[in-house]
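To start, the structure itself, in C-alpha cells.
The values are calculated or read from the model by the stated rules, or taken from the named source; none is laboratory data. Treat the numbers as computed from the prediction; the structure is a model and nothing was measured. Note that each Cβ is placed from the backbone with ideal geometry, even for glycine, and that neighbours are counted across all protein chains shown. When the accessible area is computed, the model is the full protein with side chains, heavy atoms only, and any ligands, DNA or RNA have been set aside. Shrake-Rupley method; radii C 1.70, N 1.55, O 1.52, S 1.80 Å.
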Amino acid sequence: MRSFSSTGAGACRSAPARPDTSADSPLFRLQLWRNALPPTLRWLHTVNIATYLIYVVLAMLALFGAAAPAEFVRRFLTLPASPAAALTVPWTALTYGVVNAFPGFFGLISFAFGFYWLNWMGRDYEETYGSHSLLAVYVLGILGGALFGLAVGALLPLPRAFYFGLWTPVTAVLCAVATLQPDRQVGLFLLGAVSMKWIAIGFVVLSLVFSGDLTVLGAALAGFLFGRAQAAGRDPGAWAAPLFRERRSRRKKEPRPSPVSAMKSVGRRRQREAPPAGLRDVDAILD
C-alpha cells in the first residue's frame, strides 16, 4: 500500500497539470478586441497604429545616423503648410491624415489621446450611422482640413511647416457627432456632464492653441456640414457605401438537360398526371 501511494505521488509530480494560458495572453486579448471592432474603425486603427510604429522605428534609426527614412516620411507623406510646396506632392492632402509622426514622449501621449477619442466617438458613430458614414466623414475631414489649412496658409503667416496626424479627422468625426447630438451629455473628469456641442468647441479651440494646426478648422467645418446633411435626411457618405456591401454569391448555372433526359422527364410527368386504371374504367362505362 505504501509503495503504491508513493508511486502514484511520483507520477503526479512527474506530470504536473499545465493550465492553458493562451487565452490570457495580451496578444490574444488584442485580437479579440480588434475582431470586435466594426469594419471601418478596425481598418482606421490598423493604419494609424502601423504608421506610428513605423515612425518610431525610423526615429530610432535616426539616432544612429540613418535620418534619410524619417526625412522621406516628412517630405512625401506629411502635408506641407506652404501651398506652393503642397502642389509638388498633391497626394499628401490625403496621406497626412493617417501619418502619425509624433516625436518624443509627449508625442506618444498625443497619439494615445487621439487614438482614444477615435475609438470612443468613431465606434459610437459607426454603429449608429453605418461603416460607410464613418469612412466618408474621416476622408472628407482630411480633405477639408487640407483645403482650409492651405488656403489660410496662403494668406497668413504659417504657424508650422507641415501638418500630420489623426487629430484632424478625429475633429471631423467629433463635430459630426456634436451636430447630430448637440445636447447629449458626456461625463468628463473634473468637469462633470458637458454637452457634446461644448465639447466639440473646446476641442477645436484647444487644438489650435496647443498645436497651431489650422487643418482642424477645416475638418470641424467638414464634420459640421456632414452632420447637418445627415440630420436633414440625406446620406453624404453614399459614395462609400459600395465598399461595404456584401458580395452577392454568383448563382451556379444549371446544366441544360439532354434531349433524351428531357423526353424521359416529360414521360414521367405524364405518368404522374394520368388518372388511375379504375377511373379510366368508370369513364368508359359512363361514356
(message) I need the peptides 99-112, 175-188 ranked by packing, meaning the mean over residues of other C-beta atoms within 10 angstrom, with the highest value on top.
(response) 175-188, 99-112
(request) Enumerate the calculated ³J(HN,Hα) couplings along the stretch 117-129 in order (Karplus 6.51 cos²θ - 1.76 cosθ + 1.60, θ = phi - 60°), each rounded to whole Hz, writing x wherever the residue is Gly or Pro. (result) 5, 5, 5, 6, 6, x, 5, 5, 5, 5, 5, 8, 10
(message) Give me, ordered by chain and number, the residues 5 or more places off ARG184 or on other chains with an amide H under 5 Å from its own placed amide H.
(response) MET196, LYS197
(request) May I ask you to derive the FRET efficiency for VAL205 and ALA232 from their Cβ-Cβ distance with R0 = 35 Å, giving the value to the nearest 0.05? (result) 0.85
(message) Using a 1.4 Å probe on the protein heavy atoms only, what accessible surface does LEU243 show? Give it in Å² to the nearest 10.
(response) 130 Å²
(request) Sort 211-223, 121-133 for me by packing, meaning the mean count of neighbouring Cβ atoms within 10 Å per residue, highest on top. (result) 211-223, 121-133
